[in-house]
1. Looking at the range 62-84 only, could you name the residues that are within 14 Å of the ligand (Cβ to nearest atom) and of a type in the set (Ser, Thr, Tyr)?
2. So in the range 90-118, with the set limited to residues that are within 15 Å of the ligand (Cβ to nearest atom) and of a type in the set (D, E, K, R), which one is farthest from ALA68 (Cα to Cα)?
3. Specify which of the listed residues (GLY78, GLY59, GLY84) is surrounded by fewer than 16 Cβ atoms within 10 Å (Cβ to Cβ) and touching a Phe, Trp or Tyr at 6+ places or on another chain (Cβ under 7 Å).
4. If you scan the range 174-184, which residues turn out to be within 13 Å of the ligand (Cβ to nearest atom) and touching a residue at least 60 places away in the same chain (Cβ under 8 Å)?
5. Please go through (1) of a type outside the set (Gly, Ala, Ser); (2) within 11 Å of the ligand (Cβ to nearest atom); (3) modelled with pLDDT under 95; (4) under 28 Å from GLU101 (Cβ atoms) for ARG193 and return the number of the only condition it doesn't satisfy.
6. Within the range 162-173, can you find the residues that are touching a strand residue (DSSP E or B) at 6+ places or on another chain (Cβ under 6 Å) and within 13 Å of the ligand (Cβ to nearest atom)?
7. Within the range 119-161, work out how many residues are near the ligand (Cβ under 8 Å from one of its atoms) and assigned to a loop (DSSP other than H, G, I, E, B).
8. Would you confirm whether or not the range 19-32 contains a residue that is within 18 Å of VAL140 (Cβ to Cβ) and loosely packed, with under 15 Cβ neighbours inside 10 Å?
Amino acid sequence: MTAVSPRRRRAVQFHRLSPDEFRARLREALAIYVAAMRYPVGTAEQRAPMWLTHVLREGWRCIGALDADGTLVGIAYGYRGLPGQWWHEQVRRGLVRSSGEEIAAAWLTDYFELTEIHVRPQNQGEGIGEDLLRRLLDGVPNRHVLLSTPEGPTRAWTLYRRVGFEDVLRNYHFAGDPRPFAILGRSLPLPPRP
Ligand SMILES: CC(C)(COP(=O)(O)OP(=O)(O)OC[C@H]1O[C@@H](n2cnc3c(N)ncnc32)[C@H](O)[C@@H]1OP(=O)(O)O)[C@@H](O)C(=O)NCCC(=O)NCCS
């Protein structure tokens with residue numbers, strides 16, 4: 001499938017990647033992640049085992065954006081969030097503290113965690129991120145989608161707000177990370193693009 005938005009300078013194809021395709025493109029995907037997040041290069045090595053573990057989780061799905069020559073220019077993946085997962089327990093702790101058990105349960109009972117979404121820096125701002133996000137969430141069977149993102153303003157914030165993500169928890173500190181994060185969420189399915 002090929003889609004060219006008016007904002008886009010060139011054709012990009014979106015593919016749902018199987019676990020094997022994802023594993024084959026892991027280095028490429030991590031290189032995009034490191035460049036997009038401006039992390040030190042060594043971060044890719046640290047992240048690789050974790051990303052491979054995520055593939056095995058219930059409901060894992062991944063969309064890749066490929067340039068005309070087959071180069072990966074963007075990647076998004078996620079899976080069903082469940083008790084016992086590190087992220088789930090961290091968010092639950094914060095949400096119970098800020099809003100109580102009932103609200104925490106309402107958000108955390110049946111959700112898809114949007115774990116990673118990244119576009120190569122030279123391709124950002126062309127609408128690829130929104131396409132990745134919409135295609136990733138299309139057909140997800142869960143009631144909500146949740147994600148965490150460093151407190152903005154960033155391109156990611158612009159995108160998440162544009163597709164209707166609301167604040168679930170703000171200025172939250174995950175264990176071992178000094179940066180303040182926001183947890184954002186919205187109901188599924190997404191409404192059609194305006
Ligand atoms: C976040 C990210 C994945 C979004 O991907 P993207 O391809 O840049 O996103 P989009 O092009 O769909 O949207 C972002 C920008 O395009 C604009 N845009 C795109 N489509 C638009 C539309 N239809 N209408 C209005 N604005 C639009 C947005 O307003 C935003 O503008 P900006 O350039 O002023 O910031 C990407 O920017 C990225 O990798 N960022 C660094 C890594 C990161 O933060 N990842 C998420 C961590 S939680």
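1. TYR77
2. Result: GLU113.
3. Only one candidate passes the filter, namely GLY59.
4. PHE174, ILE183
5. Among (1) of a type outside the set (Gly, Ala, Ser); (2) within 11 Å of the ligand (Cβ to nearest atom); (3) modelled with pLDDT under 95; (4) under 28 Å from GLU101 (Cβ atoms), the lone unmet condition for ARG193 is (4).
6. Scanning the range 162-173 gives a single hit, PHE165.
7. 6
8. yes
The values are calculated or read from the model by the stated rules, or taken from the named source; none is laboratory data. This is a predicted model, so every value here is computed, not measured. Quick reminder, even Gly has a Cβ in these numbers, built from the backbone with ideal geometry, and neighbours come from all protein chains shown.
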